[in-house]
Amino acid sequence: MTMTIVRVVVAALAALLLIFGLQAMVAGTPGAWFFVVMGVVGLAGVAFERMRYRSDAHERTTRRGLDLGRGADDEPPGDPFVKTAEEFIDPTTRQRTRVYVNPATGERRYHAER
């Protein structure tokens, strides 16, 4: 919920920068291109961030967005996911958690190690 509000605020500010920059360009104000570029970058950032990370539906179905890999047999993610050297202690469960990554897409999965 909070991240949605942040996205809306960032998108609104970026749109305002873009509009302001375009108006300034029409008026012939030097340096107006800076506002146009910042507005476009802000809007693109909001749009591409949503595509890069997991969806809200996935976030709601997993605990805090972490797919801990707990299946019926509690096996780590299989092919195409590859085990990485990255591991950490999950602050909520206090369990050592290993990171797995799909090299083709960059998707990350997390599995609590026993």
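The values are calculated or read from the model by the stated rules, or taken from the named source; none is laboratory data. As the structure is a computational prediction, the values presented were derived from the model and not from experiment. Using ideal geometry, Cβ is built from the backbone for each residue, glycine included, and neighbour counts are taken over all protein chains shown. Areas reflect the complete protein model, heavy atoms only, side chains present, ligands, DNA and RNA absent. Shrake-Rupley method; radii C 1.70, N 1.55, O 1.52, S 1.80 Å.
Amide H contacts under 5 Å for THR97: PHE88, ILE89, ASP90, GLU113, restricted to partners 5 or more places along the chain or on a different chain, H placed in the peptide plane at 1.01 Å from N.
Shown is the FRET efficiency for PHE88 and MET38, computed with R0 = 30 Å from the Cβ-Cβ distance and rounded to the nearest 0.05: 0.30.
What does the charge count around GLU87 come to, taking other residues whose C-beta lies under 14 Å from its C-beta (Lys +1, Arg +1, Asp -1, Glu -1)?
Details: positive: LYS83, ARG94, ARG96, ARG98, ARG108, ARG109, ARG114; negative: GLU86, ASP90, GLU113.
Counting the neighbours of GLU87, the net charge comes to +4.
Phi angles across region 20-29 convert, under the Karplus curve 6.51 cos²θ - 1.76 cosθ + 1.60 with θ = phi - 60°, into 3J(HN,Hα) values of 4, x, 5, 5, 5, 5, 4, 6, x, 6 Hz, Gly and Pro given as x. For the pair LEU22 and VAL9 in one chain, pulling the backbone fully straight at 0.36 nm per residue adds 2.7 nm over the alpha carbon distance.
Roughly how many Å² is the accessible area per residue of region 73-114, as a whole number, for a 1.4 Å probe?
Working: 2710 Å² over 42 residues.
About 65 Å² of surface per residue is accessible.
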